1. Report yes if Glu50 is farther than 17 Å from Pro18 by Cβ, in a loop (DSSP other than H, G, I, E, B) and either open to solvent by less than 40 Å² (accessible area, probe 1.4 Å) or modelled with pLDDT of 95 or more (or both), otherwise no.
2. Is it the case that Thr96 is buried (at least 17 other Cβ atoms within 10 Å of the Cβ), at pLDDT below 95, at negative phi and more than 10 Å from the chain's Cα centre (by Cα)?
3. Please specify each residue of segment 53-78 satisfying the condition of being loosely packed, with under 13 Cβ neighbours inside 10 Å and in a strand (DSSP E or B).
4. Checking the conditions here, which among Asp61, Asp19 is within 14 Å of the chain's Cα centre (by Cα) and at pLDDT below 90?
5. Considering only segment 79-93, state which residues are modelled with pLDDT of 85 or more, surrounded by 13 or more Cβ atoms within 10 Å (Cβ to Cβ) and in a strand (DSSP E or B).
6. Return only the number of the condition from (1) at pLDDT 90 or above; (2) open to solvent by 60 Å² or more (accessible area, probe 1.4 Å) that Met45 does not satisfy.
7. Check Glu39 against each of (1) under 15 Å from the mean Cα position of the chain (by Cα); (2) modelled with pLDDT under 95; (3) not small (Gly, Ala, Ser) and name the one condition it does not meet.
8. Cβ-Cβ below 7 Å, separation at least six or inter-chain, first residue in segment 25-44 and more than 24 Å from Cys68 (Cα to Cα), second at pLDDT 95 or above and among the β-branched types (Val, Ile, Thr): which pairs?
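The values are calculated or read from the model by the stated rules, or taken from the named source; none is laboratory data. As the structure is a computational prediction, the values presented were derived from the model and not from experiment. Cβ: placed from backbone, ideal geometry, glycine included. Neighbour counts: every protein chain shown. Accessible surface is based on the protein model in full, side chains and every heavy atom, while ligands, DNA and RNA are left aside. Shrake-Rupley method; radii C 1.70, N 1.55, O 1.52, S 1.80 Å.
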Amino acid sequence: MAPALACVSLGAAACDYPDEGNMPLRRAVARVKYLPETEAWAAQMHKAGEAVQYALYLDRDHHRSGRCYWTVEARAGGALWRRFHVTPEGVLLSETARPPRAAGR
């Protein structure tokens, strides 16, 4: 199972954190981890021997249409694959395009 990292540094403009223990953190990461394209990518990375990590940044929030979103990054081998924006309730806003990979990878 891939580890999930939480960079906990709540700034003044950070999203409100629901009083649900660590459930909002787990929900945000799970929302990204269990997307069909993320599962396919992670399986490919594991097959290639790469460690897959999901990093949840509470200090890199994104605001849109009156909602606050946390940033969740999917990484393998230390390289960013995609960046997602998820509410503490698990609503997925968007994701960035996959960055280009170096030749031969």
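1. Spelling it out, Glu50 is indeed farther than 17 Å from Pro18 by Cβ, in a loop (DSSP other than H, G, I, E, B) and either open to solvent by less than 40 Å² (accessible area, probe 1.4 Å) or modelled with pLDDT of 95 or more (or both).
2. So Thr96 fails the test.
3. His63, Arg64, listed by residue number.
4. So the residue among Asp61, Asp19 that is within 14 Å of the chain's Cα centre (by Cα) and at pLDDT below 90 is Asp61.
5. Residues satisfying the conditions are Leu80, Trp81, Arg82, Arg83, Phe84, His85, Val86, Leu92.
6. Condition not satisfied by Met45: (2).
7. Single failed check for Glu39: (2).
8. Ala42/Val52
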